[in-house]
1. Which of the peptides 483-493, 54-64 is most tightly packed, and how do the rest follow, going by the mean number of other Cβ atoms within 10 Å of each residue?
2. Name the residues whose placed amide hydrogens come within less than 5 Å of the amide hydrogen of Ile251, ignoring near sequence neighbours (fewer than 5 apart) on the same chain.
3. Output the Kirkwood hydrodynamic radius of region 356-499, Cα pairs only, in Å rounded to one decimal.
4. So, for region 1-73, what is the accessible surface per residue at a probe of 1.4 Å, expressed in square angstrom?
5. Rolling a 1.4 angstrom probe over the protein heavy atoms, how many square angstrom per residue are accessible across region 378-483?
6. Using Cα-Cα distances under 8 Å and only pairs 6 or more residues apart, what relative contact order does the chain have, in percent?
7. Which helices count as membrane-span-like in the chain under these terms: full DSSP H, at least 27 Å along the axis by C-alpha, Kyte-Doolittle mean of 1.6 or more?
8. Can you pull the percent of region 134-346's accessible area that's carbon plus sulfur, 1.4 Å probe, other chains left in place?
Amino acid sequence: MIELSLARIAEIVGGRLTDVSAEQAAATVVTGTVEFDSRAVTPGGLFLALPGARSDGHDFAATAVAAGAAAVLAARPVGVPAIVVDPVHTGEAGGAGTGVAGVLEHDTDGSGAAVLAALAKLAAAVAAELVADGLTVVGITGSSGKTSTKDLIAAVLSPLGEVIAPPGSFNNELGHPWTVLRATRSTDYLVLEMSARHPGNIAALAAIAPPSIAVVLNVGTAHLGEFGSREAIAATKSELPQAVPASGVVILNVDDPVVAGMAEKTAARIVRVGRTSDASVADVRADNIVLDPLARAEFTLHAGGAQAAVTLAVHGDHQVSNALCAAAVALECGADLSQVSAALGAAGSVSGQRMQVHTREDGVTIINDAYNANPDSMRAGLKALAWMSRGGASKRRSWAVLGEMAELGDDAISEHDRIGRLAVRLDVSRLIVIGTGRPMSAMLHGAVMEGSWGSEATAVADADAALDLLRAELRAGDVVLVKASNSAGLGTLADALTADTSGDGG
């Protein structure tokens, strides 16, 4: 974060200073990072006191200051230097009505909502100052692929200057301003993911650090249970292009017709990307696409009358669209095609448990895509699995180890049924369905009704049972996809499979 005195921070967030005199507040400068985990506090940092599932951050205020924090941003006095903001009393846990319900599930008194609101004010003030000094803000949204695309954009921008991007999927009301506050006066590019659970969420995030470049990847059915319809999801995703000023750029993946239609939602200049050879359809495009045995794409990248060969290091055919969006961002920031090609070719998987591919010494390949899942990303993962099982010199057995896709609402049963059927249509050798609830029963039923008999489709109670089955039945050369929503907790299963024997990294 840029250096700010406690007095200035209190002024920005509308808080009052406690356990620190006015003179001390004017003289004490926050020089470190802003953290919500007291164990991550750095000297001169600012600690956020937020409620959690097992503890309240206010109880760790003294620990944070003892570790070097200059002060605490809190909703009540904590006995150490603090900037205190009044709780937001909404009458419901989680700060309902404030857009933070998904972040602060244990915020029973509005204290967390107040601290998050203050954090947003602080991030907005810092972003405004840095943008005035020349910072370029890039915003990304989409139903799937945000994190992978964010990592690719960070990779292609790195040769051009200092880049700040969130680790993993820090894309909500906490992670977004937290990432903004990682930027300093030496930062050239700030790359931000923007997720949503309700209409208005993306507009609120974009207001914190208004992007001059926006990327819209796709509109699918992630969080369908929250939004109620794909049309509502599309309207919320379109909040990002609407937030870009006329002087900015909106990059649209026109392979998705709903995204293509968002050109009408913004006054900014439009850059279209797509899998086509037709320059009238897309400005930045890919053709001659082929996949290697591990589903890494090679293609010809076209832009502005020039072309370059690209060989991706990330896995899955769906990464082509992500790479096109990253290429378009880099070109807008001054890169040439040769720089983009080289950067994309060197960009591996950065954020954990997202299409991470590891081949063990015994030849078993693990595809760890356990961080998140929705119907679109599940289809992409299954297609990558199917390709890897047959893309080499000989066919390999394929295993789809799948957990629940969360937040699909009334469509949960039908969507899980479709995934079960798709696994059979893609000729996946074995399907392991983890969980006994209705959605997972529907996935198993779909597979059986599509023609998966005997032990080809199996239901197990939990990840431990799946691990036992896999350890007993995996053979050298098999390919295993582990995928579910993060709430299913299958990351530990994928990690255990990977660690069973030391591998060569695939």
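The values are calculated or read from the model by the stated rules, or taken from the named source; none is laboratory data. Computed from a predicted structure; not experimentally measured. As a convention, Cβ positions derive from the backbone with ideal geometry for all residues, glycine included, and neighbour counts pool all protein chains shown. Just the protein is used for accessible areas: all its heavy atoms, side chains included, with ligands, DNA and RNA removed. Shrake-Rupley method; radii C 1.70, N 1.55, O 1.52, S 1.80 Å.
1. 483-493, 54-64
2. Ala214, Val215, Val216, Val271
3. 14.6 Å
4. 45 Å²
5. 43 Å²
6. 10 percent
7. Helices meeting the span and hydropathy rule in the chain are 111-132.
8. 51 percent
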